[in-house]
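Below you'll find the structure, written out as structure tokens, and then a few comments.
The values are calculated or read from the model by the stated rules, or taken from the named source; none is laboratory data. Computed from a prediction, not measured in an experiment: that's the story for all the values here. Neighbour counts are summed over all protein chains in view; Cβ atoms, including those assigned to glycine, are modelled from backbone coordinates with ideal geometry. Ligands, DNA and RNA are excluded from the accessible area calculation, which covers all protein heavy atoms including side chains. Shrake-Rupley method; radii C 1.70, N 1.55, O 1.52, S 1.80 Å.
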Amino acid sequence: MSIEVLALVALLPILVALVLMVGLRWPATKAMPLAWLTAAVGAILAWSLPVAYVAALTLQGFVTAIGILIIVFGAILILRTLQHSGGMETIQHGMQNITPDRRIQAIIIGYMFAAFIEGAAGFGTPAALAAPLLLSLGFPPLAAAIICLVFNSFPVTFGAVGTPVVLGLKFLAPSVDAAVKAGTAVNFANMGDFNMVIGQWATLMHLAMIFILPIFMLGFITRYFGPERSWKPGLAAWKFCIFAAVAFSVPYLIFAWKVGPEFPSLIGGLVGLGIIIVGAKKGFCMPKTTWDFGDSSKWDPEWTGSVSADSSEFKAHMSQFKAWLPYILIGLILVVTRIPQLGLKAMLAGQAIKFSAILGFKSVNASIAYLYLPGTIPFTLVALLTVFIHGMPAEKVKLSWLQAIKTMKNPTIALFAAVALVSIFRGSGIADTALNPHSYPSMPLALAKAVASIAGNAWPMVASFVGGLGAFITGSNTVSDLLFAEFQWGVASQLSLPHEIIVAAQAVGGAMGNMICIHNIVAACAVVGLSGMEGAILKRTVWPFLLYGVVVGIVASLMSFVFLPNLF
């Protein structure tokens, strides 16, 4: 089959998911199983993959989904534990004293706190942790989920202490070495230098949206969730958005350009969070009036889910330090368990339940690193510690666990199907003629090649969208880079474009794809009680995704055709 036909077959499961969830408003619990079935049939009929191999890939996806579900469960358990301990109401009371303005709360929690969590943990953790916190402050569940999904973009390239760059680009090592030996590498002498350069260019591609995105999103939120249904109240907070963007981007840029790709988001989020909290308390760059979502009884039913927020006056049940201590512990534990030099990362990651040669296929393996998953350490661990820190009675502990377990039904069905689909997509390009008799490229690579044949020299404009496609399909910036970095390098070589710029656009695209990736949307819906409303979120997050891609495409094009790669 031609690459164009293969691309159409690969596109079908994505179209099925989009049409059912966005067009027909089906819940992911129904839409994703059908999308998986479409992918499985395409793999068997078009790629001629053996049925048993497709079944093995599906089981591999189920195992991977369990890891994601552990993260979701841990995030829900933290929320329920704090709700029943009185810690959450104390946090709500304290946040009201910092500012009752929902726009500023969205920046503090959704933009900055989530950036720090992304820098430390990644892999969907920020939305799972920050969205319930916004919900508890009185945000409509739909708004809380959208805010956290969209803002979980610019920090993602450097998420989980640089994993998308350091690990995601590892397959480029032979190409980088060859370029160095051939004398065509201008800005790098080895793979470590190359990763550093990619991080530097990526920050410049993200930079415009670090400033634009908070202003756009606050206007978006007041337009679609405010009582005025106007962009104006959101845009009125532009000064604080610029203040927050500067507070984040200065350490972000310094660490990317002077240290490396491991710490820009983590340090940018941590330093920025402290700065903007102090600024908000002192009224620096604050809007003249306070804005809220209005009476919850007048909210559109689509905005709310099974988890409701109490909009009444809050009171403190303990000190603010004691209430925030679980989140402080989460941040500290994430940092010390993610920095390799401290030694805990290797120890925890090495503890795994392994599934080797699933159904007899040596290339199909999976594992659950049960201690390294954020859902176990720190989420569940901190939830257990909170019982003692907050002095919770046994009946409230039991209630917290029962409510968290009950919430898991719908995301389990949706994620099992979604991740099984991803596994088929990734495994379809296996380099084994006994399994892939036509030696076809994988489904995502077939899509990317079809796009490349259409784009031609306009590739810098669309390169980030390929990265976004990878994240949408796989649920991970790191996996998107693993899938497409070599392809992006090849396109750059073919079109005589600077490799650093194109690969950086891939890394940035994989980050912005987090806004629309099914895994993250299902997880965010689960933690705010919106399971079944995934389509309602996807049809809203796609607009900031497109805006992000266009801006990055313009920047990448300018870098490719106007500036020389060695300008800096």
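Residues considered: A202, A178. Of these, the only one that is of a type in the set (G, A, S) and open to solvent by less than 40 Å² (accessible area, probe 1.4 Å) is A202. Is it true that some residue in region 497-512 is farther than 20 Å from P264 by Cα and free of Cβ contacts under 8 Å to residues at least 12 places away in the same chain? Scanning region 497-512 turns up no residue that is farther than 20 Å from P264 by Cα and free of Cβ contacts under 8 Å to residues at least 12 places away in the same chain. Screening region 439-452 for residues that are surrounded by 12 or more Cβ atoms within 10 Å (Cβ to Cβ) and farther than 18 Å from A485 by Cβ and picking the one that is modelled with the highest pLDDT gives Y440.
Which residue is farthest from G124 (Cα to Cα), if the candidates are limited to region 364-415 and must be among the aliphatic types (A, V, I, L, M) and part of a loop (DSSP other than H, G, I, E, B)? That would be M392.
Does S464 count as within 16 Å of M205 (Cα to Cα), among the hydroxyl-bearing types (S, T, Y) and touching a residue at least 12 places away in the same chain (Cβ under 8 Å)? For S464, the condition - within 16 Å of M205 (Cα to Cα), among the hydroxyl-bearing types (S, T, Y) and touching a residue at least 12 places away in the same chain (Cβ under 8 Å) - is met. Just one residue in the set T29, T38 is within 21 Å of the chain's Cα centre (by Cα) and open to solvent by 10 Å² or more (accessible area, probe 1.4 Å); that residue is T29. Among the residues of region 417-472, the one identified as over 25 Å from G549 (Cβ atoms) and among the aromatic types (F, W, Y) is Y440.
Residues in region 384-402 that are more than 12 Å from I78 (Cα to Cα) and either in contact with a Gly (Cβ under 9 Å, 6 or more places away or on another chain) or surrounded by 16 or more Cβ atoms within 10 Å (Cβ to Cβ) (or both): I389, H390, M392, K396, L399.
A single entry from L134, L129 fulfils the requirement of being touching a residue at least 12 places away in the same chain (Cβ under 8 Å), in contact with a Cys (Cβ under 8 Å, 6 or more places away or on another chain) and open to solvent by less than 10 Å² (accessible area, probe 1.4 Å): L134. Of the residues making up region 233-244, those that are surrounded by fewer than 24 Cβ atoms within 10 Å (Cβ to Cβ) and touching a helix residue (DSSP H, G or I) at 6+ places or on another chain (Cβ under 9 Å) number 6.
Within region 57-83, the only residue that satisfies the criterion of being buried (at least 21 other Cβ atoms within 10 Å of the Cβ) and of a type in the set (F, W, Y) is F73. Could you tell me which residue of region 96-107 is nearest to F284 (Cα to Cα), considering only residues that are among the hydrophobic types (A, V, I, L, M, F, W, C) and buried (at least 24 other Cβ atoms within 10 Å of the Cβ)? Checked region 96-107; the qualifying residue nearest to F284 (Cα to Cα) is I104.
Among the residues of region 515-522, at least one is touching a Phe, Trp or Tyr at 6+ places or on another chain (Cβ under 8 Å), open to solvent by less than 10 Å² (accessible area, probe 1.4 Å), hydrophobic (A, V, I, L, M, F, W, C) and over 21 Å from Q200 (Cα atoms).
Any chance region 338-356 includes a residue that's under 21 Å from the mean Cα position of the chain (by Cα), within 27 Å of M88 (Cβ to Cβ) and crowded, with 18+ Cβ neighbours inside 10 Å? Yes, region 338-356 has at least one match.
Here the condition is being crowded, with 22+ Cβ neighbours inside 10 Å and of a type in the set (S, T, N, Q); of S249, S265, S230, it holds for S265 alone. When region 470-496 is filtered for residues that are surrounded by fewer than 24 Cβ atoms within 10 Å (Cβ to Cβ) and either of a type outside the set (V, I, T) or closer than 20 Å to C148 by Cβ (or both), the ones remaining, listed by number, are L482, E486, F487, W489, G490, A492, S493, Q494, L495, S496.
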